[in-house]
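The values are calculated or read from the model by the stated rules, or taken from the named source; none is laboratory data. Not measured: the values here are computed from a predicted model. Because the Cβ atoms are built from the backbone with ideal geometry, glycine has one as well, and the counts that use them run over all protein chains shown. Each accessible area value is taken on the protein alone, full model and side chains, heavy atoms only, with ligands, DNA and RNA left out. Shrake-Rupley method; radii C 1.70, N 1.55, O 1.52, S 1.80 Å.
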Amino acid sequence: SESDLLPSGAAWCSRIKERTEAETEPRGQISFGDMPGQGIYILPADGSTSPVKVLEGSSHSWSPDRQYIAYPEYKGIVVANADGSEPKQIIENKDYIFQLEWSPDGTKIAHDNKDDSDHWTLYLLNRDGTEHTLLTKDHSVNEKSPSWSSDSQWLTFHSWKGEDPKDIYIMRSDGSER
């Protein structure tokens, strides 16, 4: 079985300390995405048990109230209950979504998007998938990895020309004041 192949909870806690996708949530659990397509796992922060795979995928974001988890699924975004039950695809997308983040006020989800020409852009949508809006429109630069300010008014993101993300920018959550 899959659980027989997983290391102990303590070994996982050691392993994920260096992972940037790990999040500690208020109930004393850690969530993390393993290698792309392998799964999203939850385990107690103290490592007392082995991790439990709750969802497919790797990148994810908790709602501020920790009741829901959003994650990109092949060409779309899914929101599920915190335990992985009742997944619902809130948008379908023709392109690849790598990273998403729930706004601190819980009303929006920002995500990046890689199109067929390998160009990255940023989008914003309501938590229910409505009002899917392109925020960055300059096709001479790539922009990805959105992160929210604590007041949900601003987004930071990587922006670059060429191969590697080198610069961090800030803009209002509606795409203005860049």
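Structure notes:
- Multiplying the residue separation of residue 92 and residue 105 by 0.36 nm and subtracting their alpha-carbon distance yields 2.3 nm.
- Hydrodynamic radius of region 121-178 by the Kirkwood approach over all distinct alpha-carbon pairs: 11.9 Å.
- Nearest-0.05 FRET efficiency for residue 126 and residue 74, computed from C-beta distance (R0 22 Å): 0.50
- Kirkwood Rh in Å, taken over all unlike Cα pairs in region 49-178: 15.0
- 1.4 Å probe accessible area per residue over region 80-169, in Å²: 53
- Segment residue 169-residue 137, length gained on full extension (0.36 nm per residue, minus Cα span): 10.1 nm
- Stretched out straight at 0.36 nm per residue, the stretch from residue 115 to residue 151 would grow longer than its current Cα-Cα span by 10.0 nm.
- Burial ranking of peptide ranges 102-112, 86-96 (average Cβ count within 10 Å, highest at the top): 102-112, 86-96
- Remark on residue 96: its backbone amide H falls under 5 Å from those of 114, a criterion applied only to residues 5 or more positions apart or on other chains, H modelled at 1.01 Å from N.
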